[in-house]
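Below is one structure, written out as C-alpha cells; comments come after it.
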Amino acid sequence: MARQSHEPDVQDIPGRRSCVRTDSEFAFELRVCQWAEREWSPAREDSVVLVARQLGTKYRRWDTLVLECDPDGLARRGAFGLDAFDSDALHVLRHAPAEWTFYRDALPDPDYPWRYVRESIHELADRDAVETRKRGRRIELRRRRPYPDWCRRLVAIENKPDLTASAARDLAGQLERDVALGLADEVWVATEATGERVEPILLADFPPEAGVLTLDTTGDAEPVWEPRSLAADAPGTRILERPDDDSSAARFDYADPAWKAEKRRAIAERAYERGWRSYADTMRPDCRHFELRGDETGVSPYCAAKGYIPTQSECRGGCDSFAPEPPAWRTKGWPIEGGPGAAIKRLLARRRRERRPGSE
Ligand code: SF4
C-alpha cells in the first residue's frame, strides 16, 4: 500500500483480463485511445497524431478523436501554451496583424457584438498571445506570433464494445448525421472483436462511408471496413429531425464551409488541451485504492478495491469503497507536491505534454 517515490509506479498487469471489464464502455474507450496513439496511420506519412476523447459540438459528442497534425504547425501551436482557445479567441488570433493596428481595422466583422471581441483581445493579451496598446480611446493590437494551421485531419470514432441490435439502430442514425454534415474527415465505429468469421457489426445497417474497427482484448485493432473520406471543406447538411415513418418530412439545415471550419478549429483546440488522459481530473486518484496499471497496450486507471478499471461515474467521492489517502502520505515523502493522487495527475499531464512539442 505504501508508495515510495514522488511519481507513481505504473504497475504491470500479468493478464489483460485482470484489468479490463469488457462491459465497461470507459475501459474500452481507453483501449481505443491507447491503440490510436500507438498505431494510427495518418493519411499523410509526415503527420503526427494526437488523441482525445469525449469532444464535439453542442449537438454531437464523439467518443474518441484522432487529430492528424502538421508537425511544424503543432510545434508552433505549442508556443501558445497548453490551454485551448475558444472560437472567439481564434477569430482574433488568426487575424491579428504583424504591425500595430486599430483592432476594428485589423479584424473581419464578427457576427456578434464587438464588445466580445474586445474581451477576447484582453484575454489573449493576458495569455501573452497578442500585444495591445491604447492610442487615445482606440485599442491597437499586434500578434506575438502567427497562429498556425496545425490540424490537417479530424477523425471521429464512436466506441460500441457491445453492439446490440437497438444500439446499432441508434448508432446508424448518428452516423448518417455525421456523414451528412461532414465535420470530421472520417468517421469510424470501434467494437469488440468477436472472432467470428464475419464480424456481426458488418451486418449492421451503417452508412458505407463509416469505417469499422474491431479491437481484441490485447489492445490490437483491425480495420474490417475502410471508411470514405468526407468532404470536410464542402457545405454540409445538418439533419435536425428524421421521422421513423414516411408520414412527415425530415428537417434539414445547411452548414456552410466557414461554419464547419470554425467548429473544426475549436474542436481541435479542445482536443489539444484535453487529450485522453484527463480522466484523472474527474476521478479520485486521491483515493488510496486508485492506481495506474500498465501492460503492453498502455496505462489505465485501476481500482484495487474493486479489481477492475472503474468508470468515471463510479470513481467519485460518493463511491462506497472510497478511502482518502492518509494525511501521512502527503506529509512524509510528499512534502509540497501533495500525495500520490496529485502525483498521478502530474504524471498523466506530463504524458500529455510529451505529445505536444513546444508547450511548457
Ligand atoms: S474505491 Fe471507489 S473512489 Fe476509490 S479508486 Fe475505487 S472506484 Fe475510485
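The values are calculated or read from the model by the stated rules, or taken from the named source; none is laboratory data. Just so it is clear, the model here is predicted, and its values are computed rather than measured. In this analysis, Cβ positions are derived from the backbone assuming ideal geometry, glycine residues included, and neighbour counts consider all displayed protein chains.
Checked against the criterion of being surrounded by fewer than 18 Cβ atoms within 10 Å (Cβ to Cβ), at positive phi and either in contact (Cβ under 8 Å) with a residue 40 or more places away in the chain or more than 9 Å from the ligand (Cβ to nearest atom) (or both), segment 304-313 contains one or more residues that satisfy it. Count of segment 147-178 residues, restricted to those that are assigned to a loop (DSSP other than H, G, I, E, B) and under 21 Å from ALA89 (Cα atoms), is 4. Looking at segment 267-282, can you tell me whether even one residue there is crowded, with 16+ Cβ neighbours inside 10 Å, within 16 Å of the ligand (Cβ to nearest atom) and not small (Gly, Ala, Ser)? Yes: segment 267-282 contains one or more residues that are crowded, with 16+ Cβ neighbours inside 10 Å, within 16 Å of the ligand (Cβ to nearest atom) and not small (Gly, Ala, Ser).
Here the strands (runs of 3 or more DSSP E) wholly within segment 179-245 that include at least 1 residues being basic (Lys, Arg) are 236-241.
This table checks each residue for (1) in contact with a His (Cβ under 9 Å, 6 or more places away or on another chain); (2) at pLDDT below 80; (3) of a type in the set (D, E, K, R).
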position	(1), (2), (3)
GLY317	no, no, no
SER321	yes, no, no
TRP329	no, yes, no
GLY333	yes, yes, no
GLY341	no, yes, no
LYS345	no, no, yes
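If ASP256 satisfies all but one of (1) charged (D, E, K, R); (2) surrounded by 15 or more Cβ atoms within 10 Å (Cβ to Cβ); (3) more than 9 Å from the ligand (Cβ to nearest atom), what's the number of the condition it fails? Here ASP256 meets the rest and fails (2).
Give me the residue from segment 318-328 that is within 7 Å of the ligand (Cβ to nearest atom) and out of contact with any strand residue (DSSP E or B) (no Cβ under 7 Å at 6 or more places or on another chain) and, out of that set, farthest from ALA280 (Cα to Cα). Full working, then the answer.
Of segment 318-328, the ones within 7 Å of the ligand (Cβ to nearest atom) are 319, 321-323.
The next check asks that each one be out of contact with any strand residue (DSSP E or B) (no Cβ under 7 Å at 6 or more places or on another chain); those that pass are 319, 321.
Values: CYS319: 15, SER321: 18 Å.
Among those residues, the one meeting the criterion is SER321.
Do the conditions hold for GLU222, that is, is it loosely packed, with under 13 Cβ neighbours inside 10 Å and without any contact (Cβ under 8 Å) to a residue 12 or more places away in the chain? So that I can check it myself, show each step before the final result.
Values: loosely packed, with under 13 Cβ neighbours inside 10 Å: yes; without any contact (Cβ under 8 Å) to a residue 12 or more places away in the chain: no.
Against the criterion (loosely packed, with under 13 Cβ neighbours inside 10 Å and without any contact (Cβ under 8 Å) to a residue 12 or more places away in the chain), GLU222 does not qualify.
Which of the numbered conditions does ARG144 fail, given that it passes all the others? Conditions: (1) closer than 30 Å to HIS95 by Cβ; (2) touching a residue at least 24 places away in the same chain (Cβ under 8 Å). For ARG144, the failing item is (2).
Would you please name the residue that is farthest from the ligand (Cβ to nearest atom), looking only at residues in segment 283-303 that are of a type in the set (Ser, Thr, Tyr) and at pLDDT below 90?
Going residue by residue through segment 283-303, those that are of a type in the set (Ser, Thr, Tyr) are 297, 300, 302.
Checking the rest, the ones that are also at pLDDT below 90 come to 297, 300.
On the way: THR297: 20, SER300: 12 Å.
Ranking the qualifying residues of segment 283-303, first place goes to THR297.
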